[in-house]
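A.B. asks: Mind looking over this structure? Questions follow.
The values are calculated or read from the model by the stated rules, or taken from the named source; none is laboratory data. Owing to the predicted nature of the structure, the values given are computational and were not obtained by experimental measurement. Here Cβ is always computed from backbone atoms with ideal geometry, including for glycine, and neighbour counts include all displayed protein chains. SASA here: full protein model, heavy atoms, side chains in, ligands and nucleic acids out. Shrake-Rupley method; radii C 1.70, N 1.55, O 1.52, S 1.80 Å.
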Amino acid sequence: MKNREVVVIGSGIGGAGVAALLAKDGAKPIVFERNNFVGGKAGSIEHEGCLFDVGVHISARGEKGPLAQLARKVGADVSFINKSPLLRLNYSGRDGLIYQKMTHPVSLYNIYRIVRPSIKSLLGMLRLAMLVYSVKTKEDAAPYYHIPAKSIIDKYMSDPDMQTFLDICCNLMFGISTDEASAGDWLLAFNNWITSGATAYPKGGYGAIPNAYMKACEDAGGELHLNEKVNRIIVENGTVKGVESDKGFYPADIVISNAGVVKTLDMTGEQHFPGSYVEKARNAIDSVGGVMVKYILDAPFAEIPMSLYTPRRFNVPDLIKGMEQGRMPDDMALFIVSPTATEPGLAPEGLHLLYGGTVTPARFDKDLSNAVMDRVENRLEKLHPGLKEHIVWKERSGVDVIAAISGRVHGDAIGMAQRYDQDGDKRFSPKTPLKGLYIVGADTGSFGIGTELAAQSAMETHALILEDTAGVHRAT
Ligand SMILES: Cc1cc2nc3c(=O)[nH]c(=O)nc-3n(C[C@H](O)[C@H](O)[C@H](O)COP(=O)(O)OP(=O)(O)OC[C@H]3O[C@@H](n4cnc5c(N)ncnc54)[C@H](O)[C@@H]3O)c2cc1C
């Protein structure tokens with residue numbers, strides 16, 4: 001890779017990850033980042049002496065997943081803090097703790113006690129669990145990629161409360177419901193998640209991961225240009241020639257975009273791509289978005305790393321449809337992360353961080369978004385009475401902020417959705433039809449959850465680039 005001029009557009013998990021991998025091979029990538037911080041949606045920013053995550057994050061597989069695997073490959077200093085009990089589950093007003101090992105008898109008993117599925121659904125649930133356990137690899141998942149997860153679940157059981165619980169878990173993992181999610185991805189991610197017992201929060205905040213990747217890149221000779229937006233990708237005769245940023249032209253024979261498939265098309269000019277590629281990109285569907293409320297508190301309200309609140313038989317597809325038509329639900333599911341419960345070093349002594357978030361459409365009106373945030377705050381207060389009196393500082397953000405931070409068209413939380421009709425062989429490859437142009441990040445990862453999907457994409461993109469450049473060396 002030594003003689004290659006490599007440009008990476010964006011320093012999200014995908015961009016920073018692939019830049020570190022290529023730098024390790026001897027390339028000296030230049031990474032352009034439009035924000036003044038590294039990490040995109042997985043970045044962290046300092047406020048009031050506390051380190052806040054841009055999103056509301058937890059790593060599904062921590063030390064055993066692709067984020068750590070990538071870090072080990074490039075010698076990046078990333079470590080995870082693994083706490084048990086992991087989750088406070090509240091369904092329909094009943095609550096209890098779930099341990100790291102989902103198969104722990106207390107976890108299983110608590111899920112049963114809290115969700116209360118009917119006795120007659122238990123055999124079907126056991127058979128579904130056996131199917132989940134059998135799907136351990138991408139190859140095992142392949143027959144299920146183009147089937148909605150719900151159709152598999154329906155085959156085994158119809159209990160409405162357990163269906164709701166599984167749908168909420170699906171939304172947590174993929175930002176879409178079981179009626180849309182690919183059964184292959186759902187089975188594989190569920191298997192990896194529950195069997196790893198390694199769900200964790202990174203030491204130093206979520207942004208510590210992309211920052212460590214970027215540091216590994218810079219230590220190996222790469223460059224980071226913060227606050228520098230790439231406006232155009234220059235292509236001649238189907239081959240990449242470089243990029244044009246706010247500050248000038250940079251020649252490159254390899255350009256890797258972390259800006260998502262659609263923004264990459266826009267920056268390049270769709271006339272350079274085959275019509276079928278453009279049509280597929282323009283029609284692709286992203287995950288849902290979300291709103292977030294973040295607090296600095298002067299009392300510890302949540303000692304468990306994460307909590308999940310779900311009203312009885314809560315229906316996410318109906319919620320999203322209703323919100324798109326301007327209707328507000330009375331109540332909604334809530335994902336709560338308490339980063340200082342795991343990593344107290346993120347805030348000065350005596351202060352605690354608590355984030356609450358819920359799903360909304362990725363394109364969402366600002367007033368409605370504010371109304372949802374009010375409901376999130378009210379629900380947080382109901383779950384943690386007295387919390388409002390202990391707020392030292394707070395921040396509220398919606399899909400406009402997610403879009404601005406990631407540079408994507410809308411404020412989707414994950415990226416291009418892992419839907420049954422755009423998964424497996426229908427997913428975008430990191431390799432585009434243009435020579436030297438690649439797309440890295442959640443849009444092109446082959447499997448995994450959120451940041452792990454993006455890290456997976458970084459490793460897959462790296463492998464494809466090595467394959468392509470080795471081909472050129474052999475030919476010359
Ligand atoms: C509220 C919320 C909660 C989430 N919860 C979780 C969770 O619990 N667990 C989990 O694993 N994942 C979670 N995710 C999803 C996860 O954050 C994303 O899937 C992942 O971070 C996407 O990474 P990426 O590499 O695709 O790029 P992004 O994070 O989208 O980063 C892209 C980067 O490219 C830069 N960029 C774009 N265009 C340009 C340009 N023209 N010039 C220069 N720079 C540019 C952007 O500024 C940005 O830094 C959550 C996301 C949100 C928003």
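A.B. asks: If you check Arg34, Arg61, which single one turns out to be within 16 Å of the ligand (Cβ to nearest atom) and more than 20 Å from Glu218 (Cβ to Cβ)?
C.D. replies: Within the list Arg34, Arg61, the selection yields Arg61.
A.B. asks: Condition first: surrounded by fewer than 24 Cβ atoms within 10 Å (Cβ to Cβ), within 14 Å of the ligand (Cβ to nearest atom) and either in a loop (DSSP other than H, G, I, E, B) or free of Cβ contacts under 8 Å to residues at least 12 places away in the same chain (or both). Now tell me which residues in region 404-429 satisfy that.
C.D. replies: Answer for region 404-429, where residues must be surrounded by fewer than 24 Cβ atoms within 10 Å (Cβ to Cβ), within 14 Å of the ligand (Cβ to nearest atom) and either in a loop (DSSP other than H, G, I, E, B) or free of Cβ contacts under 8 Å to residues at least 12 places away in the same chain (or both): Ala404, Gly407, Val409, His410, Arg427, Phe428.
A.B. asks: Next question, about the same structure. Restricting the first residue to region 383-401 and requiring it to be in contact (Cβ under 8 Å) with a residue 60 or more places away in the chain, which pairs with a second residue that is of a type in the set (Gly, Ala, Ser) meet a Cβ separation below 6 Å and a spacing of at least six or different chains?
C.D. replies: Note: pairs meeting the criteria are His390/Ala299; Gly398/Ser369; Val399/Gly289; Val399/Ala362; Val399/Gly411.
A.B. asks: Could you list, in sequence order, all residues of region 57-101 that are open to solvent by less than 50 Å² (accessible area, probe 1.4 Å) and over 30 Å from Ala463 (Cα atoms)?
C.D. replies: Pro85, Leu86, Leu87, Leu89, Asn90, Tyr91, Ser92, Gly96, Leu97, Ile98, Gln100
A.B. asks: Is it true that some residue in region 292-309 is of a type in the set (Asp, Glu), open to solvent by 10 Å² or more (accessible area, probe 1.4 Å), over 30 Å from Gly93 (Cα atoms) and modelled with pLDDT of 95 or more?
C.D. replies: No, the conditions are met nowhere in region 292-309.
A.B. asks: Can you go through Thr469, Thr451, Thr432 and tell me which one is in contact (Cβ under 8 Å) with a residue 40 or more places away in the chain, β-branched (Val, Ile, Thr) and out of contact with any helix residue (DSSP H, G or I) (no Cβ under 8 Å at 6 or more places or on another chain)?
C.D. replies: Of the residues listed, the single one that is in contact (Cβ under 8 Å) with a residue 40 or more places away in the chain, β-branched (Val, Ile, Thr) and out of contact with any helix residue (DSSP H, G or I) (no Cβ under 8 Å at 6 or more places or on another chain) is Thr469.
A.B. asks: Among the residues of region 345-378, which ones are over 18 Å from Asn171 (Cα atoms) and touching a Ser or Thr at 6+ places or on another chain (Cβ under 6 Å)?
C.D. replies: Residues satisfying the conditions are Leu346, Ala347, His352, Leu353, Leu354.
A.B. asks: Looking at Asp161, Asp140, Asp154, which is the one that is at pLDDT 95 or above, open to solvent by less than 50 Å² (accessible area, probe 1.4 Å) and either part of a helix (DSSP H, G or I) or closer than 25 Å to Gly357 by Cα (or both)?
C.D. replies: Asp161
A.B. asks: Just to be sure I understand, how many residues within region 223-264 are assigned to a loop (DSSP other than H, G, I, E, B) and open to solvent by less than 10 Å² (accessible area, probe 1.4 Å)?
C.D. replies: 3
A.B. asks: Applying the selection to region 274-287, what residues are open to solvent by 20 Å² or more (accessible area, probe 1.4 Å) and touching a residue at least 12 places away in the same chain (Cβ under 8 Å)?
C.D. replies: Listed by number, the residues that qualify are Pro274, Tyr277, Lys280, Arg282, Ala284, Ile285, Asp286.
A.B. asks: Additional query: Filter region 170-188 down to the residues that are open to solvent by 10 Å² or more (accessible area, probe 1.4 Å) and part of a helix (DSSP H, G or I), then identify the one that is modelled with the highest pLDDT.
C.D. replies: Per the criteria, the residue is Asn171.
A.B. asks: Failed condition for Pro210, given (1) closer than 29 Å to Gln422 by Cα; (2) assigned to a strand (DSSP E or B); (3) of a type outside the set (S, T, N, Q), with all others met?
C.D. replies: (2)
A.B. asks: Show the residue pairs that are 6+ apart or on different chains and have beta-carbon atoms under 7 Å apart, the first residue being within region 352-378 and within 16 Å of Ala404 (Cα to Cα), the second being part of a strand (DSSP E or B) and polar (S, T, N, Q).
C.D. replies: Ser369/Thr360
A.B. asks: Also, quick follow-up: It is to be established whether one or more residues within region 37-48 are in contact (Cβ under 8 Å) with a residue 24 or more places away in the chain, farther than 20 Å from Pro251 by Cα, in contact with an Asp or Glu (Cβ under 6 Å, 6 or more places away or on another chain) and not acidic (Asp, Glu).
C.D. replies: Among the residues of region 37-48, at least one is in contact (Cβ under 8 Å) with a residue 24 or more places away in the chain, farther than 20 Å from Pro251 by Cα, in contact with an Asp or Glu (Cβ under 6 Å, 6 or more places away or on another chain) and not acidic (Asp, Glu), which makes the answer yes.
A.B. asks: Of (1) more than 26 Å from Ala403 (Cα to Cα); (2) more than 17 Å from the chain's Cα centre (by Cα); (3) within 15 Å of the ligand (Cβ to nearest atom), Asp77 satisfies all except one. Which?
C.D. replies: Only one criterion is unmet by Asp77, namely (3).
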